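Asker: After the structure tokens below, expect a handful of questions from me.
Here, each number is a calculation from the coordinates, and none is a lab measurement. Worth saying up front: this structure is predicted, and the values here are computed from it rather than measured. Note that we place each Cβ from the backbone using ideal geometry, even for glycine, and neighbour counts take in every protein chain shown.
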């Protein structure tokens, strides 16, 4: 597994914690690194995780509005915590991280959904992200 995948999975865990506990990002980041210390994690991996969490949290309203727009018949509250946060991370990458190709972002989101959620969730996430990708001009 690549270092960016590890970063994305860690970011998902942190956003899940924030979502469940209604906690603040800096505190959640600190607690995560304290609970799951890994001295073998490269600094770049940790930095990318922090970048993902910070940008996703900072832009959450805009990100959530895009997700709502393209998730027909599904409110954010109706979505599972994991699916909702996988979508948030991927939309953040699509909209704000020009250095990451959209195909990579979507594929990573699908693979993470298969690991942490269900096959149906992966299909659901793929459909929403494909429509958002077109909306933000990444097609």
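Asker: Got a sec? How would 97, 79 order by Cβ neighbour count within 10 Å, fewest to most?
Answerer: Lowest to highest Cβ neighbour count: 97, 79.
Asker: Ratio of Rg to Rh for region 1-71, alpha carbon only, Kirkwood?
Answerer: Using only Cα positions, Rg/Rh for region 1-71 is 1.00.
Asker: For region 31-81, what ratio Rg/Rh do Cα atoms give with a Kirkwood hydrodynamic radius?
Answerer: 1.14
Asker: Still on this structure, please answer the following. Report the normalised scattering of the chain as log10 I(q)/I(0) at q = 0.14, 0.17 Å⁻¹, calculated by the Debye formula with identical scatterers on the alpha carbons.
Answerer: Scattering profile of the chain, log10 relative to I(0): -0.59, -0.88.
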